[in-house]
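Undergrad: The following block contains the structure, expressed as structure tokens.
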């Protein structure tokens, strides 16, 4: 039933009660929760710093 509804165990849900019916909808994850899940699941970020050269305008370093 979960798969048919596009849900997974641990998903956050919104609950709406209207006219005697209960409606569950999947709550979209915030970007913060997406990042937390990435690291909790063993993800790592190792992007190297990019050198864009000397300052050209009003950049603050």
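Undergrad: Would you confirm, using the coordinates I've provided, whether residue 60 is surrounded by 10 or more Cβ atoms within 10 Å (Cβ to Cβ) and out of contact with any helix residue (DSSP H, G or I) (no Cβ under 7 Å at 6 or more places or on another chain)?
TA: Criteria not met by residue 60.
Undergrad: Among (1) surrounded by 10 or more Cβ atoms within 10 Å (Cβ to Cβ); (2) assigned to a loop (DSSP other than H, G, I, E, B), which single condition is residue 47 missing?
TA: (1)
Undergrad: Within segment 6-20, which residues are exposed (fewer than 10 other Cβ atoms within 10 Å of the Cβ), modelled with pLDDT under 90 and on the phi < 0 side of the Ramachandran plot?
TA: Once the filter is applied, which keeps residues that are exposed (fewer than 10 other Cβ atoms within 10 Å of the Cβ), modelled with pLDDT under 90 and on the phi < 0 side of the Ramachandran plot, segment 6-20 yields 8, 9.
Undergrad: Would you check if residue 23 is surrounded by 10 or more Cβ atoms within 10 Å (Cβ to Cβ), in contact with a helix residue (DSSP H, G or I) (Cβ under 9 Å, 6 or more places away or on another chain) and free of Cβ contacts under 8 Å to residues at least 40 places away in the same chain? It would help to see each step written out before you state the result.
TA: Values: surrounded by 10 or more Cβ atoms within 10 Å (Cβ to Cβ): yes; in contact with a helix residue (DSSP H, G or I) (Cβ under 9 Å, 6 or more places away or on another chain): no; free of Cβ contacts under 8 Å to residues at least 40 places away in the same chain: yes.
Considered against the rule, which asks whether it is surrounded by 10 or more Cβ atoms within 10 Å (Cβ to Cβ), in contact with a helix residue (DSSP H, G or I) (Cβ under 9 Å, 6 or more places away or on another chain) and free of Cβ contacts under 8 Å to residues at least 40 places away in the same chain, residue 23 comes out as no.
Undergrad: Check residue 38 against each of (1) surrounded by 10 or more Cβ atoms within 10 Å (Cβ to Cβ); (2) outside any helix (DSSP H, G or I) and name the one condition it does not meet.
TA: For residue 38, the exception is condition (2).
The values are calculated or read from the model by the stated rules, or taken from the named source; none is laboratory data. Keep in mind that what you see is a predicted model, and the values were worked out from it rather than measured. Neighbour counts run over all protein chains shown; Cβ positions are idealised from the backbone, glycine included.
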